[in-house]
Structure formats: C-alpha cells, structure tokens
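Student: Take a look at the following structure, please.
The values are calculated or read from the model by the stated rules, or taken from the named source; none is laboratory data. Quick caveat: nothing in here was measured; it's all calculated off a predicted structure. Ideal geometry is used to build each Cβ from the backbone, glycine not excepted, and the neighbour counts take in all protein chains shown. The area values use the complete protein model at the heavy-atom level, side chains included, leaving out ligands, DNA and RNA. Shrake-Rupley method; radii C 1.70, N 1.55, O 1.52, S 1.80 Å.
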Amino acid sequence: MPRRPLIAGNWKMNKTVKEALALVSDLKRLLTQVRDRDIVVIPPYTALYPVVQRLEESNIQLGAQELFAKDWGAYTGAVSAPMLAEIGCTHVLVAHSERRQYFAESNASANERVKAALKHNLVPILCIGETLEERDAQRTMDVIATQLDGGIEGLGFSELGRLVVAYEPVWAIGTGKVASSAQAQEVHHFIRERIRQRDTTVAADMRLLYGGSVKPDNAAELFAQPDIDGGLVGGASLNATDFAAIVKAK
Ligand code: PGA
C-alpha cells in the first residue's frame, strides 16, 4: 500500500490564541476537501486547547511542539504526554533542532520522550538533521545515524511502526535555503534503509517527512521523491493560503 502523505505545520513560538483561531478557521475552509493525506497543525501550548475545539469534526489533527518524559510531578514548566493526549493531541514533535540548540535536548532524552509519547498513544515526530558544518565535513550520514539510533533505541517493532521521522537539515530551517530534492531524497533513503535493518515492513510503511524552507513552489517536487512522504513546515505554515497550497501539492 502506498504511504499516506502527512503534512504538519509547526507554528513554533508564534500566534496568540486569537490569531491561532483565525488561522485554523481559514485552514478548515481551505482544506475541507482534502481526503488523501493527513494534516496536522502544531500551535504553541497556550493555543492547543482552543484550537482543538475549533478543529472538531474537521480533517485537521493537532500536534504539540514538545513534551516531557515524565507523566506528572515537580517539573516546573514541563507538559506531559497524558496532558496532551487528554485534550486531543494526536501528534508531538520530539527533539526539533531548535529544541536541541536552545534547550539542550539530547538523543538520550529524545528517546525517553519518544517512549512517553508512544505510551500515551501520541505519534512522535522525531526530528533529526545535520548542521552546515557537519554537512561540509561529510558527516551528514553519521549524524543522521546517531540521532536516529539514539531516538529509537529500545523500541519494539510495533512501537517503531507508529513513529514518524522528520529529516530537517539545520542549514535549511528558516533560511530560505531548501535542500535540493536529490539531497533530501538521498538522506531519506538512508534513513529508510537504516530502519529496514531492523524491520522491512516497518521501513516500507514508515512516513519520513522533509522539513526546511518548504514553500508552495518547492513542495510538489520534494514530495514526489520516492522516500519523502510529506513535510514539516515552519514559516510557511503561518499563512493559511501558503500552508493549504503545500498540503495540496502533488
Ligand atoms: P521552516 O521551518 O519551514 O521555517 O524552514 C521548518 C521547521 O523548523 O520545522
């Protein structure tokens, strides 16, 4: 069976509740006919609950930008998987490169958070990607392998089968410098082969998203690559017309 595309919009630290509701209302209207792909919006924490209420009965799902690995307790500032699941989140980003860069998220803690998400039936979108220095030093595949293996360590096949991986070259995030479709495909293929060493069926079914300056004018070519199953969209997801065009790109 062909893999069902998934397009997720990561709003990062943007949109007040009022702005978030206006954006999802527009998206609902623009995307109401889309049936052949999964659509996820990922607002900041403060907007999650109002947004999920506005999304009721729609074909758009809700994700969160991060979670903490413990279910509850004295962890000031943290939000847990059961809290996200209760309000209707279906997806959660894990270890986005901005979390790795500004909040010291490591591969080991990514692994704990992937497991916490799965335990509470959230789909983790594990984010991996190399920096420009790493690419220039020909270390891209090593970095990808280390981040991937670290993030999925100890997962059984059925758990691994529920995971989504997003390949986001750090040098392409928010810079307008998109990876060429060939560069992206090369890394996506590498990721799928690495998963295949664990399980062929899981590898064949796993959705791998590309992220990094995805725009309406480059989405179709990226998504047409054999191992790219959709996108994780930052900047362009803040504009309803642009995000809708990316969702529909084929
Ligand atoms: P961008 O961000 O589309 O603004 O490059 C992508 C991401 O960080 O997920």
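Student: Checking the cross-link filter: which aspartates and glutamates have an alpha carbon closer than 18 Å to that of LYS12, excluding same-chain neighbours under 8 positions apart?
Tutor: Straight-distance partners of LYS12: GLU66, GLU98, GLU105, GLU168, ASP242.
Student: I'd like the accessible area for HIS91, computed on protein heavy atoms only with a 1.4 Å probe and all protein chains in place. Round to 10 Å², please.
Tutor: So the heavy atoms of HIS91 present about 10 Å² to solvent.
Student: When the Cα centres of the range 184-250 and the range 61-78 are compared, how far apart do they sit, in Å?
Tutor: Rounded to whole Å, the Cα centres lie 26 Å apart.
Student: Which part of the range 68-105 falls in the paramagnetic zone of TYR45, meaning amide N under 11 Å from the point 7 Å along Cα-to-beta-carbon?
Tutor: Counting only backbone N, you get 68, 75-81, 84.
Student: Another question, if that's okay. Going by amide H atoms built from the backbone, whose H comes under 5 Å of the H on GLY231, apart from near neighbours?
Tutor: LEU6, ILE7, ALA8, TYR210
Student: Separate question: Note down the accessible area of GLU105, probe 1.4 Å, to the nearest 10 Å².
Tutor: Approximately 40 Å² for this residue.
Student: Taking the simple approach of a point 7 Å from Cα along Cα-to-Cβ for both GLU56 and GLU153, what is their distance in nm?
Tutor: 4.4
Student: Taking all protein chains together and a probe of 1.4 Å, list ASP217, ASP229, ASP242, ASP142 from the most accessible to the least accessible.
Tutor: Ranking ASP217, ASP229, ASP242, ASP142 by accessible area, largest first, yields ASP217, ASP142, ASP242, ASP229.
Student: Can you flag which of LYS15/LYS215; LYS70/LYS250; LYS18/LYS119; LYS18/LYS215 are past 30 Å Cα-Cα?
Tutor: Over 30 Å Cα-Cα: LYS70/LYS250; LYS18/LYS119.
Student: Right, here's the next one. With every protein chain present, what accessible area does SER109 have (1.4 Å probe, heavy atoms only), rounded to the nearest 10 Å²?
Tutor: Roll a 1.4 Å probe over it and SER109 shows about 30 Å².
Student: Continuing with the same structure: Who wins for biggest fluctuation among ARG35, ARG196, ARG139 in a Gaussian network model of the chain, springs between alpha carbons below 10 Å?
Tutor: ARG35
Student: Measuring from label point to label point, each 7 Å out along Cα→Cβ, what is the ASP71 to THR90 span in nm?
Tutor: For ASP71 paired with THR90, the spin-label model returns 2.4 nm.
Student: In addition: Give a residue-ordered list of calculated ³J(HN,Hα) values for the range 192-198 (Karplus: 6.51 cos²θ - 1.76 cosθ + 1.60, θ = phi - 60°; whole Hz; x for Gly, Pro).
Tutor: Running phi through 6.51 cos²θ - 1.76 cosθ + 1.60 with θ = phi - 60° gives 5, 5, 5, 5, 4, 5, 8 Hz.
Student: Ignoring ligands, DNA and RNA, what percent of the 1.4 Å accessible area of the chain is carbon and sulfur?
Tutor: Within the chain, the accessible surface is 52 percent carbon and sulfur.
Student: Can I ask one more? So for PHE243, PHE223, PHE68, PHE190, what's the accessible-area order with a 1.4 Å probe, most first?
Tutor: Sorted by accessible area, descending: PHE68, PHE190, PHE223, PHE243.
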